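Asker: My questions all concern the structure below.
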């Protein structure tokens, strides 16, 4: 653990807890849509929730993983999946997903800022640190989609998601570079990413794709 | 290496060898069904055989991997794949697969127990250790199916597989917790997982899926 | 870092730069064909370029990754992807891909030799070192195809690719074993792999697949 104040450490943990839940639910719904069995539901929810952070920790060579040092989260996940399998009906999927967009945006902001800050604490270059934030925020979803045999939505839906994490990461990097404290820059970066995501959701803005419109077909 | 008696170390090695062969054959058959070329056959067989253990070792930060310290296993795999490509006919796939169910159940038991015990030796919490056992036993198959562009059967076929590893892991954990020796709890955990798997095969028991039967369609 | 002369270190870096560019372009074209958005294009190009080397480094427990110690490469990648999205038209895909075959063959040779040599520097057995070379050279493409929801071409197109890396790795191993210097054996291994690949491209040689031609259908 490379966080340097107990307060920051606590804040990081709270932040990861929040986003984790929203991500787990996204995995759970995808697993349900694919008609996976109970094992599949738990595993895909777990991948969506912890995949991004775990990959970041493997790349940064950090141990223990969040789901090792806070293993109670695995129990929360098990209970969540069981409850969802018993109580959540197909007709609730759409509203659940729409309702989850807002905590998910929060999670996106918080995860990307956490990832970037952990990388900066290892004195990694800015672009690498920002990328670690993007990986933390998006790779849970990417792994979830790969296991469910889909092209990851983060890579093809032309909706800004990773891009918000990217922008928030740079804001955090700049804030820290210009002497802002750890907590302040974390909050600023997380807020930027989350706000951009919310703005994208509200305006329906889409990313440019391959430019070759005319000769594409 | 965290095993603490030569006997246990030997037992663990023998155990991994057994399961490895059954897993490699499952990868080999899947690769053949997908008409992969010689490289694909070897690689998918290798992933199925060593993928779970390697992922566990990356997560637990253990080196060397089993296929590094026992690199003769890579030669065995190469010879196995070559022999299978020359001698195994399509009409033999079904019987081969049915015949492999029993060593595979043994491998499931042994791998999950090994994985759980290695994690417990690092003083990880019970749920994490059990999960490491499940990963060791199932992720070879999961990676095999991902590479072959399928939703992993372990997550969707409603047949108890990972669940047996999960149960066996808890039995091992309880046994060790209550003072049983390393060898005894390893054997007990492995036996539980394997026996549950055999029982599931014999009775055709299936896991519950998403409960929303009526509004699913 | 385990390279032992500044010259070798420089050569290894130059080598990785070359191959990286060809691999990135292959990812870029695949992403474009799949109509991914801007994020997907950058991420798949990045996976194709750095995936093999990163997986090798995770397996060998080497840090920092090439894209961390030479993070300017991430900028090159971003610029490349942006330029390609603006300027590259669909009708240029085929010629681009054909033109890339030659630098790609060079990259194959160089990457596999680099990977093998880094593994040999850790005193790993020959077969493991050769396999690390194969992983370095091919897993970028494998990860690219997995993310794009395809069975990896390296495993199914019956064209020798990984096999060339395998052969080149053994030549390097033998050369080093018989007392050739680091630079000489690196060049010899890389040349062998690249030459085999070029020969395969020129002759259209294909790998044997599953032998059971008659009862396959």
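Bear in mind these aren't lab numbers, they're just calculated from the coordinates by the rules spelled out. In this text, all values refer to a predicted model and were calculated from it rather than measured experimentally. Neighbour counts run over all protein chains shown; Cβ positions are idealised from the backbone, glycine included.
Asker: Can you list, shortest first and in nm, the gaps between the label point of residue B:78 and those of its counterparts in the other copies, using a point 7 Å from Cα in the C-beta direction?
Answerer: 4.3, 4.3
Asker: Same structure, new question: When all alpha-carbon pairs of the stretch C:106-203 are counted, what percent fall beyond 22 Å?
Answerer: That fraction is 26 percent.
Asker: Which order, highest average first, do C:166-174, C:201-209 follow once you tally other Cβ atoms within 10 Å for each residue and take the mean per peptide?
Answerer: My ranking of the peptides, most packed first, is C:166-174, C:201-209.
Asker: Where a ≥ b ≥ c are the square roots of the eigenvalues of the C-alpha gyration tensor, would you call the protein assembly as shown rounded, which needs a/c under 1.5, or, failing that, prolate if a/b is larger than b/c, or oblate?
Answerer: Taking the square roots of the gyration eigenvalues as a ≥ b ≥ c, the protein assembly as shown is rounded.
Asker: Would you work out the relative contact order for chain C, in percent, from Cα pairs under 8 angstrom that are 6 or more residues apart?
Answerer: 23
Asker: Given the Cα atoms of chain C, and with Rh set as the inverse mean 1/r over their pairs in the Kirkwood sense, what is Rg to Rh to two decimals?
Answerer: That ratio equals 0.98.
Asker: Then there's this: How would you order A:158-164, C:93-99 from highest to lowest mean count of nearby Cβ atoms within 10 Å?
Answerer: A:158-164, C:93-99
Asker: Next question, about the same structure. Run through the other copies and list how far each one's label point is from that of residue B:178, in nm with one decimal, shortest first; the point sits 7 Å from Cα along Cα-Cβ.
Answerer: Taking the point 7 Å beyond Cα along Cα→Cβ, the inter-copy spacings are 6.3, 6.3 nm.
Asker: Oh, and also: Using a Gaussian network model on chain C with a 10 Å cutoff between Cα atoms, which of C:59, C:77, C:143 fluctuates the most?
Answerer: Comparing C:59, C:77, C:143 in the GNM, the peak value goes to C:59.
Asker: Can I ask one more? Could you check which residue among C:41, C:86, C:58 shows the biggest mean-square fluctuation in a GNM of chain C with a 10 Å Cα cutoff?
Answerer: C:86
Asker: What's the exposure ranking of A:104, B:157, C:37, going from fewest to most Cβ atoms within 10 Å?
Answerer: B:157, A:104, C:37
Asker: Still on this structure, please answer the following. Based on other C-beta atoms within 10 Å, arrange A:61, C:57, B:123 from fewest to most.
Answerer: B:123, A:61, C:57
Asker: Still on this structure, please answer the following. Run through all the Cα pairs of the stretch B:19-105 and give the fraction in each 5 Å bin from 0, expressed as whole percent.
Answerer: The calculated distribution, bin by bin, is 3, 15, 24, 24, 18, 10, 5, 2, 0.
Asker: Quick check: from the Cα gyration tensor, does the stretch B:46-166 come out rounded (a/c under 1.5), prolate or oblate?
Answerer: It is oblate, given that a/c is not under 1.5 and a/b is not larger than b/c.
Asker: Sticking with this structure for a sec: Which distances, shortest first and in nm, link residue A:63 to the matching position in the other copies, using label points set 7 Å out along Cα to C-beta?
Answerer: 1.2, 1.2
Asker: If you take each beta carbon of peptide A:125-132 and count the beta carbons of other chains within 10 angstrom, what is the mean?
Answerer: 5
Asker: Another question, if that's okay. Could you give the distance between the Cα centres of the stretch C:100-140 and the stretch A:91-150, to the whole Å?
Answerer: 32
Asker: Per residue of B:134-143, count partner chain C-beta atoms within 10 Å of its C-beta, then hand back the mean as an integer.
Answerer: 1
Asker: Can you show me the helix-derived [θ] at 222 nm for chain A, built from DSSP H runs with n ≥ 4 at -39,500 (n - 2.57) apiece and divided by the number of residues, rounded to the nearest 500.
Answerer: One gets -26000 deg cm²/dmol as the mean residue ellipticity at 222 nm.
Asker: Among A:112, C:69, which comes first, second and so on when ranked by fewest other beta-carbon atoms within 10 Å?
Answerer: Taking fewest neighbouring Cβ atoms as first place, the list is C:69, A:112.
Asker: Taking every residue in A:145-156, how many Cβ atoms of other protein chains lie within 10 Å of its Cβ, on average?
Answerer: Mean inter-chain Cβ contacts per residue within 10 Å come to 6.
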